């Protein structure tokens, strides 16, 4: 949505609202990662050492974006 207003000296001001909303975005969660630290055997430090990485995919992601744009314009020929 934008609103533009004419100003003196052949100029204008524009205000614009930008918005976006995302629900149920797909994301992955790593379930078999060891806690941060130094390990002699990283595989044994995993919660399920018999397996490598385990990824669980779901759609818990959400995103909101709200923005304001302001633009000023002036005519190059201002006599």
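Summary of values
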{"item": "Filtered residue count, the range 39-79, keeping only those that are more than 30 Å from residue 27 (Cβ to Cβ) and over 30 Å from the mean Cα position of the chain (by Cα)", "result": "7"}
{"item": "Hey, residue 14 in contact (Cβ under 8 Å) with a residue 40 or more places away in the chain, surrounded by 11 or more Cβ atoms within 10 Å (Cβ to Cβ) and in a strand (DSSP E or B) or not", "result": "yes"}
{"item": "Unique residue being surrounded by 10 or more Cβ atoms within 10 Å (Cβ to Cβ), touching a residue at least 40 places away in the same chain (Cβ under 8 Å) and in contact with a strand residue (DSSP E or B) (Cβ under 7 Å, 6 or more places away or on another chain) when the list is 21, 62", "result": "62"}
{"item": "Count of residues meeting criterion [more than 22 Å from residue 67 (Cα to Cα) and either within 27 Å of the chain's Cα centre (by Cα) or part of a strand (DSSP E or B) (or both)] in the range 1-11", "result": "3"}
{"item": "Breaking point among (1) assigned to a helix (DSSP H, G or I); (2) at positive phi, for residue 44", "result": "(2)"}
{"item": "Criterion: assigned to a strand (DSSP E or B) and at pLDDT below 90 - qualifying residue of 56, 28", "result": "28"}
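The values are calculated or read from the model by the stated rules, or taken from the named source; none is laboratory data. The model shown is predicted, which means the values in this text are computed figures rather than measured ones. Positions of Cβ are generated from backbone atoms using ideal geometry, with glycine treated the same way; all protein chains shown enter the neighbour counts.
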